[in-house]
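The values are calculated or read from the model by the stated rules, or taken from the named source; none is laboratory data. As the structure is a prediction and not an experimental result, all values here were calculated from the model. Here the Cβ positions follow ideal geometry from the backbone for every residue, glycine too, while neighbour counts run over all protein chains shown.
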Amino acid sequence: MGSYRRFKLALDSFRNFAAKITPKNPIQKPPISTSNEARASGFSSPSPLHQRLGFSFGVKQNQYFNSLAQQKRYYYVDRYHVQHFKPRGPKRWFRNPRVVVSVVLIGTGALITVYYGNLETVPYTKRTHFVLLSKDMERRIGEAQFEQIKQAFKGKILPAIHPDSIRVRLIAKDIIEALQRGLRREQGWSELGYASEVPVGVPEGSGRETILALVDSKEENLDGMWRKEDEILDDSWVHQSRKKGEKHRSQPTTEHLEGLNWEVLVVNEPVVNAFCLPGGKIVVFTGLLEHFKADSEIATIIGHEVGHAIARHAAETITKNLWLAILQLILYQFIMPDLAQAMSTLLLRLPFSRRMEMEADYIGLLLMASAGYDPRIAPRVYEKLGKISGDSKLRDYLSTHPSGKKRAQMLAQAQVMEEALALYREAIAGRGIEGFL
């Protein structure tokens, strides 16, 4: 107890001594150069006397107040002298109405410009479609695929002097000349040639996926599993689009056909198939020639495939697949992935594909008729193709191609058949009609 009393007495003496030497108003305003934050907080820096004497009394409190004074102010004063707190964290552009309106207007203008700047008109049907892929890129893709096909079927390509090669080349030449008349202007095309078997710039072993895609696979009979009637094909959209195109005087897009180097390739494979790649590359398999002996039958199929190239269906498919992929990503957030895939395929992908096939049928029919081949053969060709590929009701419903029977019925009754017969009569009379596309 004695030591405690002595310590308390010494502490009281120290406090009295400090009260005598300390000024009555120790709080001073800080210098002007560093007083912005201090004024905002209402606190000042420690007294110089405390620093000179080395007192530790109240130093922690003053350090805390100084840290508050040095922090950034998170409020602003408006013209009515009302303080508003600023939101902390990074600035959000969407919180500013002016910025949001500007972004919406600029984005909408950009989308409208891109959409209308890439709209094209298909010959004959006058259908407008949105294509993002440039014409030069589409041609380069077709040429690259053509080189891969030559690499994949190396050793199976018939030589240029083979009878089947000569026959196919002559039929294709008639179709291309009819196309030139249908466009009503001279195109800068080179003479139709037979492709060389030697691929250019393709590494060994590439193109295996092409073989797998073209090999005819055996599918099981699904007739008993599907009781619904065949899909109903309707070509009323063709008449509507043609009337709309004539009303607006739409000009068909044919720039992608300028300067093409048309080539034909006959592959010795038992595949009942033929196709025309972008860039004017026609490939025919001998399996097709075994089932179709007449030149008019081969002209029907080649005209159909050239019709795909005329309408830029490959580029349109790539563009639609891009939008479908974006749509599927959105649907995945709400429904199961398998259901989203089935919905997008049945409701979006297949109808577009069938419309393209019908469009190629009509354009090909006009081409073969203008080339001097009887267009009345075409319905029988498509019906025969359906029998060869094994049509079934379920397969028709889930296929990108309409059934051969339905295609034959529609083509025989369509208005385009009358136009094709008129072209055929003029062609065999030696009077070719121009501008029918």
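Cβ separations smaller than 9 Å between residues 6+ apart or across chains give the following pairs from region 233-248 residues that are more than 12 Å from R127 (Cβ to Cβ) and surrounded by 13 or more Cβ atoms within 10 Å (Cβ to Cβ) to residues that are at pLDDT below 85 and not hydrophobic (A, V, I, L, M, F, W, C): L233/R354; L233/P402; L233/S403; L233/K406; L233/R407; L233/Q409. Candidates in region 280-292 are the residues that are of a type outside the set (A, V, I, L, M, F, W, C) and crowded, with 22+ Cβ neighbours inside 10 Å; of these, the one that is farthest from E255 (Cα to Cα) is K281.
For region 255-265, state whether one or more residues are in contact (Cβ under 8 Å) with a residue 12 or more places away in the chain and over 19 Å from L179 (Cβ atoms). No: zero hits.
Summed over region 263-280, the residues that are part of a loop (DSSP other than H, G, I, E, B), out of contact with any Phe, Trp or Tyr (no Cβ under 9 Å at 6 or more places or on another chain) and either hydrophobic (A, V, I, L, M, F, W, C) or at positive phi (or both) give a count of 0.
Taken together, P351, P375 contain a single residue that is at pLDDT 90 or above, over 21 Å from G287 (Cα atoms) and not hydroxyl-bearing (S, T, Y), which is P375.
I'm checking my understanding of the structure. Among residues of region 102-143 that are part of a helix (DSSP H, G or I) and among the acidic types (D, E), which one is nearest to K320 (Cα to Cα)?
The selected residue is E138.
Any idea which residue in region 253-262 is surrounded by the most Cβ atoms within 10 Å (Cβ to Cβ), counting only those that are outside any loop (DSSP other than H, G, I, E, B) and of a type outside the set (A, V, I, L, M, F, W, C)? My answer is H256. Cβ separations smaller than 7 Å between residues 6+ apart or across chains give the following pairs from region 412-433 residues that are assigned to a helix (DSSP H, G or I) to residues that are among the charged types (D, E, K, R) and surrounded by 12 or more Cβ atoms within 10 Å (Cβ to Cβ): Y424/D374.
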